[in-house]
Amino acid sequence: MKQSISFTLNGKSVTIEAHPMQPLLYALRDDADAVGTKYGCGEGECGACTVILNDELVMSCLVPAVQAEGARVETIEGLADANELHAVQQAFLESGGAQCGICTPGMIMAGVHHLRHPERAPGGVPEALEGNLCRCTGYTRIFTAMKRAKEILSANGTAP
Amino acid sequence: MSITTEKELKFVGKSVLRKEGIDKVTGRAQYIDDVKTPGALYGKTLRSKIACGRIKSISFGGNIPWNEFTIVDARDVPYNRVMLIESDQPVLCDGVVLHKEEPILLIAHEDAGLVEEALRAITVEYEKEPGVFEIGQGKVLKQYDIEEGDWQKEFANAEVVFEGEYRTGAQEHVYIETNGFIAQWDGDNITVHGSHQCPYYVHKALKYAFKLQDHQVNVVQMTTGGGFGGKEDFPSVVAIHAALLARKARRPVRLIYDRAEDMASSTKRHPSLSRVRTACTKDGVLRAIEFNFYIDGGAYVTLSPVVLSRGILHSFGPYKWPAAKLHAQCYFTNSPPYGAFRGFGAPQSIFAIEAHMTALADHLGMDPAELRRKNFIHRGDAMPTGQIVEETPNMEALMDRALELSDYKRKRGAWKRGSGKGIGLSTFMHGTGFTGSGEVYLASRVGIATTRNGGAEVRVSSTEIGQGTETVFAQIAAEALGIDVAKVSFRRPETKVVPNSGPTVASRTCSIVGRLVQRAAEKMKQRLAGADIGHHYAEHGEAYEEVEYVPRPGLVWDDNTYKGSAYGAFSWSVNVVEVDVDPVTAMPKVHTLTSTVDIGTIINPVLAYGQVEGGIAQAIGWSTCENVVLKEGLMENHHLTNYVIPTAADAAKIVVEFMPNPYSEGAFGAKGVGELPMDGPGPAIVSAINDAINARFTHIPLMPEEMLK
Ligand code: FES
Ligand code: FES
């Protein structure tokens, strides 16, 4: 049975009709029209579906939609404002952190979350991004992008 | 058309930002699964659970409203063959099953959940037959033989004869976006949108399966989330299936695979077995090579003949051999067909020759770097194919620099064999573009059109799949036209609109197709004769120019003798790998991989580094953790939970340095880049691990469990 689930998606309130146990990934993609978050495996292994839920990094393919009730959900669509990319997006663009781009939305969300809460990954960027597979880059340019993102943020004096 | 020096160039050689990059970092890029299709049905594929036999019956059980379903079987296919090199592979099984996961039936319904349920309610009864699963047991699918010089005499008189056997495993591509197509008919015309590398391969396959004319088929590429060869031939099958369902349902159909189905049913890298025998002098001067190369082709021909060909044509490495006997065989088995994967047979044979060279050096008591240095091929030397090397390979310089960057000499001296730290190297090359006469047959065409805003649009069927096609072509066109790179756009590949610039494979896009982009732009520039494009467009409307591939004079290849110039150019590289092996867990860790690389002119440094680093990471995975467990030919571990690819936490430090040696026939001097980095890490890693734990392994993947034994 479908039910109404209300939450904040990138700062806007949304109400969707979805099966409560349906993974949040599909609720976002099919019901909230937010297809920036990607499917890669549906088993919590690839991180393509990574979003931020109440300040926690989650794999949306493993989270039942009902858990979003009343929550703040952030996805790739919410990062840039009309004229400006988020520092992490800008850094991925400049440094070659995105190739085919399919891992990128999830990877960038994990990157943003890490810059907000570096203490949660004592091993630094490699540890923070461990749950996000990228088959194209070998991660080298993603690491460069994360360094660059920090530079952009400190140059602009903005928070991630 | 001479190569201008880099100093005069405005866009070539610059890290111009990826054209479609903003769409990718904002999540706006549209992949196939992001496309909305109101009224579409969801398709699913029923697949064989046995590897070999006959279908006795199919029954539709359960509490399923079958009358609401669209169901397609072999009888619904106008011509039940997937057209590629051969046409032996059926679109859907017609009674006979030759591999597990072979498609038998297609079903579709507007309720995606119900389709899954319905699939489980179908029962197939089989009459099983014994299958063939080992290289060398079944029928030969393809064979090549190449001989040069008096190899028998060389072996008979040799001071040292050394031989070894080398194996490489299958590998799954794990593009993070799974395969998928959406098909829609309009009367007798079919349009498919999907994730793929080669729009015209899909076009041809649809045309044959539905007995249509060229103009009745339109294949559109969506943003594609990785390919690596895995979306070269396999998407043709997916597209035909989607189109069959859509035709019968008279509705659009989405056929998008989940990860498990994709990994189980799609192509993999061909497993290989190589037996290498070499003759040399006591001080390590190579005299002759005998290379026997065997690969598993799977149940149908697909691309195996060309994979086998590229494999054997890279088996002799960047060395001079006075005599050679090269023998290659591909076998049919009851595995799902093996297919294209970055490197296309070359990583397999290069693994063997490079592992062999290191083993030979040990046998002779020489440093592996010095044995190689003694035998490098030079300009003017002949390869075993008879091809005279016309460029300057400069392997010595590439090796010296790699040894210096990695501090090889000191480390090799300081790290005793068996100390848990090891260092290994490999030296290798990769041919740019299609083998032999392949580029001539392709006869690729590239178009360029003027645009209203005073710019130009590149029209090609070469696809962007992560490597940066749109960006490098814009740079090349802008440079040749003399306009700003921001004014060059890239037309989304769609067979109705773009000319056939050939498939996006074989490290040919930047170098060979890029050269055609350059020529088309030069032709356009001539036509414009200095006129401002905006004005020209306002006055005359769109101007369009097209050019076709012309082979370089003197580039001759004989398909019968398998002799001649196999490739117009080679890219060259040296890898040095440093590993640590944890004494308790036996986990090897590739901590640094240094690579010096000659891919000719670098069109876009950030993109070129990305190609090399990404290829190296895939090769590290293939060598150390990506273990395809085959059971009756099927990849049993077809989930990301049990097939492990490298993560950010195990990423090696990758040091890349380009040492460009421009190729006169490549775009602004560019040579192939995509596949080369896949070739070298495997043998260098195994050498380093052997060094670290004093072992003699000769295969990949080399799993930690094996090292504990
Ligand atoms: S789709 Fe969620 S982790 Fe892969
Ligand atoms: S950019 Fe392709 S998977 Fe990461």
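Here are the numbers for the structure shown:
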item	result
Interatomic Cα distance distribution for the stretch A:87-156, bins of 10 angstrom, percent	23, 60, 17, 0
Probe 1.4 Å, protein heavy atoms only - accessible area per residue of the protein assembly as shown in square angstrom	36 Å²
The stretch B:441-497: trypsin sites (Lys or Arg not before Pro) in DSSP loop, at most 14 other beta carbons within 10 Å	B:R452, B:K496
Average Cα contact separation per residue, chain B, under 8 Å, 6 or more apart, as relative contact order %	17 percent
DSSP bridge pairs, the stretch B:142-290: antiparallel proportion in percent, nearest 5	80 percent
Over the stretch A:3-77: Kirkwood hydrodynamic radius from C-alpha pairwise inverse distances, Å	11.7 Å
Principal axes of the protein assembly as shown: Cα extent on each, largest first, Å	81, 69, 61
Helix-derived mean residue ellipticity, 222 nm - over chain B, DSSP H n ≥ 4, -39500 (n - 2.57), to 500	-8000 deg cm²/dmol
Centroid-to-centroid separation of the stretch A:91-124 and the stretch A:1-63 [C-alpha atoms, Å]	19 Å
Antiparallel bridges, percent of DSSP beta bridges restricted to the protein assembly as shown (to nearest 5)	75 percent
Reduction of at least 10 Å² in accessible surface, 1.4 Å probe, comparing all protein chains with the chain by itself, residues of the stretch B:635-654	B:H639, B:L640, B:T641, B:I645, B:P646, B:T647, B:A648, B:A649, B:A651, B:I654
Where only C-alpha atoms are counted, convex hull volume of the stretch B:72-210 per residue in Å³	215 Å³
Loop-located GluC sites (Glu not before Pro) in the stretch A:46-150 whose Cβ has at most 11 other Cβ within 10 Å (DSSP)	A:E84
Amide hydrogen neighbours beyond the local backbone of B:N179, cut-off 5 Å, H modeled	B:Y257
Dipole axis of the protein assembly as shown (+1 Lys, Arg; -1 Asp, Glu on Cβ), positive-most option in A:S13, B:G502, B:T624	B:G502
Dipole magnitude of the stretch A:3-77 about its Cα centre (Cβ charges: Lys, Arg +1; Asp, Glu -1), debye to nearest 20	80 debye
Fraction of accessible area attributable to carbon and sulfur, chain B (%, probe 1.4 Å)	49 percent
Length-normalised contact order of the stretch A:87-156 in % [C-alpha pairs under 8 Å, at least 6 apart]	50 percent
Overall Cα dimensions of chain A, principal axis frame, Å, largest first	47, 31, 28
Separation of the B:N157 and A:E43 label points, Cα + 7 Å toward Cβ, nm	5.9 nm
In Hz, Karplus ³J(HN,Hα) per residue of the stretch B:191-206 (6.51, -1.76, 1.60; θ = phi - 60°; x = Gly, Pro)	10, 10, 10, x, 9, 6, 9, 9, x, 6, 5, 5, 4, 5, 5, 5
About the Cα centre, charge dipole magnitude for the stretch A:87-156 (Lys/Arg +1, Asp/Glu -1 at Cβ), debye	80 debye
Accessible surface buried once B binds A (1.4 Å probe; total of both sides; Å²)	3700 Å²
Most to least accessible of B:S315, A:S154 (protein chains only, probe 1.4 Å)	A:S154, B:S315
Cα-Cα over 21 Å, subset of B:K56/B:K139; B:K10/B:K525; B:K56/B:K231; B:K100/B:K268	B:K56/B:K139; B:K56/B:K231
Cα centroid separation, the stretch B:134-173 to the stretch B:36-63 (Å)	42 Å
Principal axes of the stretch B:515-605: Cα extent on each, largest first, Å	76, 43, 18
For chain B, radius of gyration divided by Kirkwood radius, i.e. Rg to Rh on alpha-carbons	0.97
Vicinal HN-Hα couplings computed from phi for the stretch B:473-489 (Karplus, 6.51 cos²θ - 1.76 cosθ + 1.60; Hz; Gly/Pro x)	5, 5, 5, 5, 5, 4, 4, 6, 7, x, 10, 5, 4, 5, 8, 9, 10
Cα-centred dipole magnitude for chain B, charges only on beta-carbon of K, R (+1) and D, E (-1), debye, nearest 20	260 debye
Solvent exposure, largest accessible area first (probe 1.4 Å, DNA, RNA and ligands not counted), of B:H540, B:H99, A:H117	B:H540, A:H117, B:H99
Stokes-Einstein diffusion coefficient of the stretch B:450-586, Kirkwood radius over Cα pairs, 4 °C, 1.567 mPa s, in µm²/s	74 µm²/s
For the stretch A:127-160 versus the stretch B:192-230, the gap between their alpha-carbon centres in whole angstrom	35 Å
Estimated [θ] at 222 nm from DSSP helical runs (n ≥ 4, -39500 (n - 2.57)) normalised by residues in chain A, nearest 500	-8000 deg cm²/dmol
Antiparallel bridges, percent of DSSP beta bridges restricted to chain B (to nearest 5)	75 percent
Low-density loop positions, trypsin sites (Lys or Arg not before Pro), the stretch B:92-169 - DSSP coil, at most 11 other Cβ in 10 Å	B:K139
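The values are calculated or read from the model by the stated rules, or taken from the named source; none is laboratory data. Owing to the predicted nature of the structure, the values given are computational and were not obtained by experimental measurement. No Cβ is skipped: glycine too gets one built from the backbone with ideal geometry, and neighbour counts run over all protein chains shown. Calculation scope for accessible area: heavy atoms of the full protein, side chains included, ligands and nucleic acids excluded. Shrake-Rupley method; radii C 1.70, N 1.55, O 1.52, S 1.80 Å.
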